[in-house]
Amino acid sequence: MKKFIVLTSLCAVLFVGLTAFTNTASFFEVSKNLDIFTTLFKELNTYYVDEIKPDQLIQAGVDEMCNSLDPYTDYISEENLADYRTQTTGRYGGIGAIIGTRGEWVTITDPYDGFPAAKAGLRAGDKIISIDNKPAKKLASDDVSRLLKGKAGTSIVVKISRLQGDGSEKEETYTLTREEIEIKNVPYYGTINKDIGYIRLTGFTEKASNEVRNALNLLIAKDKIKGLVLDLRGNPGGLLNEAINIANVFVDKNVEIVSTKGKTEDQNKQYPTLNDPVDTRIPMTILVDGGSASAAEIVTGSMQDLDRAVVIGQRTYGKGLVQSTHSLPYNAKLKITTAKYYIPSGRCIQAINYADRAADGSVKRKADSLKVAFKTLGGRTVYDGVGIDPDIKMEAEKLSQIAIALITKNLVFDFATQYRSKNEAIGSAKNFQLTDKDYDEFVAYVNKQGFTYETRSEKLIDQLKETAEKEKAFGTIATDYETMKKAMEHDKTRDLYKEKKQIKAILEEEIASRYTLNAGRTEASFKNDEEITKAVEVLNDQAKLNSILKKN
């Protein structure tokens with residue numbers, strides 16, 4: 001009944017809080033519906049024919065209540081609070097490694113540089129045999145994760161099985177001391193070439209701005225960079241204040257980066273930069289895609305509105321909503337959308353109006369035809385309501401069907417494990433390239449595994465057959481179906497060579513990560529990344545950069 005007590009306490013909190021909004025919500029309606037809700041629950045609990053679980057029933061009601069508003073308003077129970085804190089702080093106690101299921105075993109897929117797993121010598125591809133003598137075979141990855149995590153300073157014994165160069169496997173035992181793992185917001189910074197710097201920013205937890213500031217300072221002091229690529233692709237956002245402080249790294253003090261507007265007066269705020277910048281003049285590009293959202297869009301949008309950087313890539317996600325966290329009884333939390341944010345030009349880039357739902361509850365993104373024009377500091381035209389449109393739009397790389405199948409079936413991962421077992425070093429990740437002989441070995445490896453996959457055309461043909469059979473019309477097209485099916489039969493070896501360039505690039509990144517972890521993966525990607533190539537091209541052409549930003 002604990003969650004029922006939590007909910008009734010929540011109802012009481014809402015009841016008191018909502019009395020302040022009698023101008024927009026009827027006090028009577030609020031009171032009536034809270035009474036209906038609690039009475040309904042008590043009747044169900046008392047009279048329903050089968051035994052019910054009150055906590056699950058209440059959780060379902062709370063979840064649906066939040067989901068009916070928007071995807072970001074969320075009830076966080078005491079049981080899930082640790083995961084929520086990890087998301088906002090980037091910290092937890094453990095060994096510092098990403099794990100994943102491979103068949104019957106949970107396997108290490110990415111050790112974090114500088115933390116216990118990597119320092120002890122654990123590698124991607126190591127199968128976890130046992131943890132503190134508890135067998136790990138057939139355990140779910142979540143269960144293994146819970147066993148690996150724990151209070152910093154405590155010891156843990158991990159037995160693994162590692163592939164050897166001759167194809168055999170050898171078991172090894174490691175005694176690790178758990179540490180407070182702090183997931184880096186900047187997993188990599190360095191140089192793409194001799195004078196173009198690169199910072200990869202993947203999150204906005206508590207120390208994100210310090211990491212960006214420190215990275216830029218070092219790139220300027222040590223590498224004497226003359227231009228910067230800030231990579232925000234796939235960054236889902238995070239803390240608002242960190243977004244403001246990151247923008248502050250590149251613009252002067254007392255520049256308004258974002259303002260918020262909500263239902264209550266205390267949500268209407270302006271957020272200027274508060275600190276001295278690192279550098280306000282270094283030429284800068286920002287890489288974005290459809291996964292760049294929220295705080296990542298604040299940084300991108302403010303740099304675009306202030307004509308501080310050229311934005312390259314695809315349109316961003318379009319999340320212009322701000323959440324704040326409210327404490328509830330019994331150590332629970334309510335994460336609630338409280339405001340919309342507006343970047344320096346005055347635009348809000350929120351792409352979906354969740355208050356405007358269709359009869360079936362669905363929502364739609366704002367149409368391009370409804371966009372409203374705004375002006376950047378230098379007079380360039382930008383638009384609201386659809387995310388951030390890049391200054392230089394580029395098509396996102398599309399993985400071939402065979403590449404997707406090779407990744408999802410773990411053949412790229414497993415070949416990289418095999419390659420690492422046979423080769424002690426690869427030299428510089430930036431210059432690492434698989435030879436034609438290496439790629440031939442990969443093809444032979446894939447064929448040996450009995451690899452098969454289905455092309456998009458084959459899927460469509462099979463869907464046609466399934467539909468025709470349901471409509472009892474397949475007999476009329478059976479001959480044509482067999483003819484098309486035979487014509488579309490593919491030779492996977494031929495396809496492996498047809499898509500060699502793309503597959504080879506994926507392999508090189510995965511293999512490089514086995515030697516120098518995330519840094520290797522990132523550096524190996526530089527030579528094949530068209531958006532990075534375009535960013536470097538722009539940064540090396542001051543006239544083009546000035547033309548885009550309309551600067552003299």
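The values are calculated or read from the model by the stated rules, or taken from the named source; none is laboratory data. All figures in this text were calculated on a predicted structure; none of them were measured in a lab. Note that we place each Cβ from the backbone using ideal geometry, even for glycine, and neighbour counts take in every protein chain shown. Note: areas computed on protein heavy atoms with side chains; ligands, DNA, RNA excluded. Shrake-Rupley method; radii C 1.70, N 1.55, O 1.52, S 1.80 Å.
Residue-by-condition table, conditions (1) of a type in the set (A, V, I, L, M, F, W, C); (2) open to solvent by less than 10 Å² (accessible area, probe 1.4 Å); (3) modelled with pLDDT of 95 or more:
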{"position": "C348", "(1), (2), (3)": "yes, no, yes"}
{"position": "I352", "(1), (2), (3)": "yes, no, no"}
{"position": "K364", "(1), (2), (3)": "no, no, no"}
{"position": "K375", "(1), (2), (3)": "no, no, yes"}
{"position": "D391", "(1), (2), (3)": "no, no, yes"}
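Considering the stretch 415-460 alone, what residues qualify as being among the charged types (D, E, K, R) and closer than 22 Å to T522 by Cβ?
Result: R420, E424, K430, D438.
Just checking, does the stretch 496-514 include any residue being part of a helix (DSSP H, G or I) and within 30 Å of L377 (Cα to Cα)?
No; the residues of the stretch 496-514 include none that is part of a helix (DSSP H, G or I) and within 30 Å of L377 (Cα to Cα).
Of all residues in the stretch 442-461 being touching a helix residue (DSSP H, G or I) at 6+ places or on another chain (Cβ under 9 Å) and under 18 Å from S168 (Cα atoms), which is least open to solvent (accessible area, probe 1.4 Å)?
Y445
In the set E523, E530, E510, which member is touching a residue at least 12 places away in the same chain (Cβ under 8 Å), open to solvent by 20 Å² or more (accessible area, probe 1.4 Å) and within 23 Å of K409 (Cβ to Cβ)? Spell out how you get there, then give the answer.
Numbers: E523 fails: within 23 Å of K409 (Cβ to Cβ); E530 fails: within 23 Å of K409 (Cβ to Cβ).
After applying the criteria, what remains is E510.
Select, from S168, S141, the only residue that is of a type in the set (S, T, N, Q), in contact with a strand residue (DSSP E or B) (Cβ under 8 Å, 6 or more places away or on another chain) and at negative phi. Give the derivation first.
Details: S168 fails: in contact with a strand residue (DSSP E or B) (Cβ under 8 Å, 6 or more places away or on another chain).
It is S141.
Taking the stretch 318-343 on its own, how many of its residues are open to solvent by 50 Å² or more (accessible area, probe 1.4 Å) and part of a loop (DSSP other than H, G, I, E, B)?
The qualifying residues number 2.
Can we say T483 is loosely packed, with under 13 Cβ neighbours inside 10 Å and either touching a Cys at 6+ places or on another chain (Cβ under 8 Å) or of a type in the set (S, T, N, Q) (or both)? Give the steps one after another, and end with the answer.
Details: loosely packed, with under 13 Cβ neighbours inside 10 Å: yes; either touching a Cys at 6+ places or on another chain (Cβ under 8 Å) or of a type in the set (S, T, N, Q) (or both): yes.
Considered against the rule, which asks whether it is loosely packed, with under 13 Cβ neighbours inside 10 Å and either touching a Cys at 6+ places or on another chain (Cβ under 8 Å) or of a type in the set (S, T, N, Q) (or both), T483 comes out as yes.
Given the conditions (1) of a type outside the set (S, T, N, Q); (2) surrounded by 11 or more Cβ atoms within 10 Å (Cβ to Cβ); (3) at pLDDT 95 or above, report the number of the one that I181 does not fulfil.
Here I181 clears every test but (3).
Output the helices (runs of 4 or more DSSP H) that fall wholly within the stretch 367-480 and possess 2 or more residues being in contact (Cβ under 8 Å) with a residue 40 or more places away in the chain, or say none.
401-408, 411-422, 436-448
So, I58, is that one open to solvent by less than 70 Å² (accessible area, probe 1.4 Å), within 22 Å of the chain's Cα centre (by Cα) and aliphatic (A, V, I, L, M) or not?
no
Which pairs have Cβ atoms under 9 Å, sit 6 or more apart or on different chains, and link a residue in the stretch 247-276 that is more than 15 Å from C348 (Cβ to Cβ) to one that is surrounded by fewer than 19 Cβ atoms within 10 Å (Cβ to Cβ) and small (G, A, S)?
T264/A20
Pull out all pairs, ordered by first then second residue, where Cβ-Cβ is under 7 Å, the residues are six or more apart or on different chains, the first lies in the stretch 178-194 and is in contact (Cβ under 8 Å) with a residue 60 or more places away in the chain, and the second is open to solvent by less than 20 Å² (accessible area, probe 1.4 Å) and of a type in the set (F, W, Y).
These pairs meet every condition: N185/F204; G190/Y198; I192/Y198; I192/F526.
Which residues, counting only those in the stretch 279-317, are in contact with a helix residue (DSSP H, G or I) (Cβ under 8 Å, 6 or more places away or on another chain), open to solvent by 10 Å² or more (accessible area, probe 1.4 Å) and among the hydrophobic types (A, V, I, L, M, F, W, C)?
Selection gives I282 alone.
Within the bounds of the stretch 218-226, is there any residue that is open to solvent by less than 10 Å² (accessible area, probe 1.4 Å), at pLDDT 95 or above and within 26 Å of the chain's Cα centre (by Cα)?
yes
Can you name every residue in the stretch 247-282 that is aliphatic (A, V, I, L, M) and either out of contact with any Gly (no Cβ under 9 Å at 6 or more places or on another chain) or within 22 Å of A339 (Cβ to Cβ) (or both)?
The answer is A247, V249, V251, V255, I257, V258, L274, V278.
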